[in-house]
Amino acid sequence: MLNKTYLVTAGPTHEQIDPVRYIGNYSSGKMGFAIAERLAELGAKVILVAGPVSIETQNPSILRVDVISADQMFEKCHAYFPTCDGAIMVAAVADYKPVHFSPEKMKRSDEILTLSLCPNPDIAASLGQIKRKDQVLVGFALETANDEKKAMLKLQKKNLDLIVLNSLGDHQAGFKFDTNKVTILDQSGVVFTSELKLKSEIAIDIVNKIIETQQSRVGMF
Ligand code: C5P
């Protein structure tokens, strides 16, 4: 029985342009949901902050908090993180949002349209700044080149304990697919590499690594 509480983020965020349009991405939420299910199966309390996805949670013990935008996800994560033993940031948060929301549907014209965008808050990095020593923070990285080096820089920049790297170059891995292939790194380098397998199986590997990381710290503080 895993007597701990975890925050998991999953899915994309949608950044509204006008009442009928948004900026989004192809994240299905499957990997984050699989991790939430695995943690719940082991008896952990799970708070799943989910962007707009079309999948359901299976385990009734999961507390699902639905959000649309990165700002909403930021707010919910900060509300729940202090009560958690760890956070697993799987969501594909939009990097940018429109500077202005148009309350009226924008009209078509023959002119070139320029949309001004401003950066969204980095939720994982902001949790990394307030993380306590007893909390574990896990991020994801989706890269297309120089993968491990970039993932390691990301781990350091965001003050993560573990980073899970998906490579877009891997066939059938990453966004939309039911399968994935990952490499897990900690501050010392690569600590785990998986085969291509079901996201539910990858979730078991990731959760095992998280538990191992927390257990190795027992007695350290
Ligand atoms: O910097 P990049 O977007 O590649 O970082 C990916 C990791 O950071 C993922 O764990 C993602 O959930 C998290 N992230 C976040 N808030 C953002 C951007 C990324 O929590 N605005």
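The values are calculated or read from the model by the stated rules, or taken from the named source; none is laboratory data. None of the values given here were measured: they were computed from a predicted structure. Cβ sites come from the backbone with ideal geometry, for glycine too, and all protein chains shown count toward neighbours. The area values use the complete protein model at the heavy-atom level, side chains included, leaving out ligands, DNA and RNA. Shrake-Rupley method; radii C 1.70, N 1.55, O 1.52, S 1.80 Å.
Does residue 207 satisfy being farther than 16 Å from residue 4 by Cβ and surrounded by 12 or more Cβ atoms within 10 Å (Cβ to Cβ)? If you could, list the steps in order and put the result at the bottom.
Numbers: farther than 16 Å from residue 4 by Cβ: no; surrounded by 12 or more Cβ atoms within 10 Å (Cβ to Cβ): yes.
So residue 207 does not fit the description; no.
List the pairs whose first member sits in region 84-103 and is closer than 30 Å to residue 207 by Cβ and within 15 Å of the ligand (Cβ to nearest atom), whose second member is open to solvent by less than 20 Å² (accessible area, probe 1.4 Å) and acidic (Asp, Glu), and whose Cβ atoms are under 7 Å apart, counting only residues at least 6 apart or on separate chains?
Short answer, once both residue conditions are applied: 94/15.
Testing residue 137 on (1) over 22 Å from residue 4 (Cβ atoms); (2) of a type outside the set (Asp, Glu); (3) within 16 Å of the ligand (Cβ to nearest atom); (4) modelled with pLDDT of 95 or more, one condition comes back false. Which one is that?
(1)
Given the options 75, 143, 111, 56, name the one that is open to solvent by 80 Å² or more (accessible area, probe 1.4 Å) and either among the hydroxyl-bearing types (Ser, Thr, Tyr) or more than 22 Å from residue 5 (Cβ to Cβ) (or both).
Details: 75 fails: either among the hydroxyl-bearing types (Ser, Thr, Tyr) or more than 22 Å from residue 5 (Cβ to Cβ) (or both); 143 fails: open to solvent by 80 Å² or more (accessible area, probe 1.4 Å); 56 fails: either among the hydroxyl-bearing types (Ser, Thr, Tyr) or more than 22 Å from residue 5 (Cβ to Cβ) (or both).
Only one candidate passes the filter, namely 111.
Of everything in region 20-45, what is out of contact with any Phe, Trp or Tyr (no Cβ under 9 Å at 6 or more places or on another chain) and under 24 Å from residue 96 (Cβ atoms)? Give them in sequence order.
20, 21, 22, 24, 29
If a residue must be of a type in the set (Ser, Thr, Tyr) and within 13 Å of the ligand (Cβ to nearest atom), how many such residues does region 111-133 contain?
From region 111-133, those of a type in the set (Ser, Thr, Tyr) are 114, 116, 126; that's our starting set.
Those left that are additionally within 13 Å of the ligand (Cβ to nearest atom): 126.
Count: 1.
Considering only region 19-59, state which residues are among the small types (Gly, Ala, Ser) and farther than 21 Å from residue 75 by Cβ.
28, 34, 40, 43, 44, 54
Per-residue answers, yes or no, for (1) at pLDDT 95 or above; (2) of a type in the set (Asp, Glu); (3) touching a Lys or Arg at 6+ places or on another chain (Cβ under 8 Å):
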position: 2; (1), (2), (3): no, no, no
position: 19; (1), (2), (3): yes, no, yes
position: 22; (1), (2), (3): yes, no, no
position: 33; (1), (2), (3): yes, no, no
position: 40; (1), (2), (3): yes, no, no
position: 45; (1), (2), (3): yes, no, yes
position: 52; (1), (2), (3): yes, no, no
position: 58; (1), (2), (3): yes, no, no
position: 77; (1), (2), (3): yes, no, no
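Just to verify a result, which residue in region 1-37, among those that are farther than 16 Å from residue 57 by Cα and of a type in the set (Lys, Arg), is surrounded by the most Cβ atoms within 10 Å (Cβ to Cβ)?
Within region 1-37, the match that is surrounded by the most Cβ atoms within 10 Å (Cβ to Cβ) is 4.
Considering each residue of region 39-53, count those that are surrounded by fewer than 24 Cβ atoms within 10 Å (Cβ to Cβ) and under 22 Å from residue 166 (Cβ atoms), and give that number.
Qualifying residue count for the region: 2.
Does residue 128 satisfy the condition of being closer than 30 Å to residue 21 by Cβ and either modelled with pLDDT of 95 or more or crowded, with 19+ Cβ neighbours inside 10 Å (or both)?
Answer is no for this residue.
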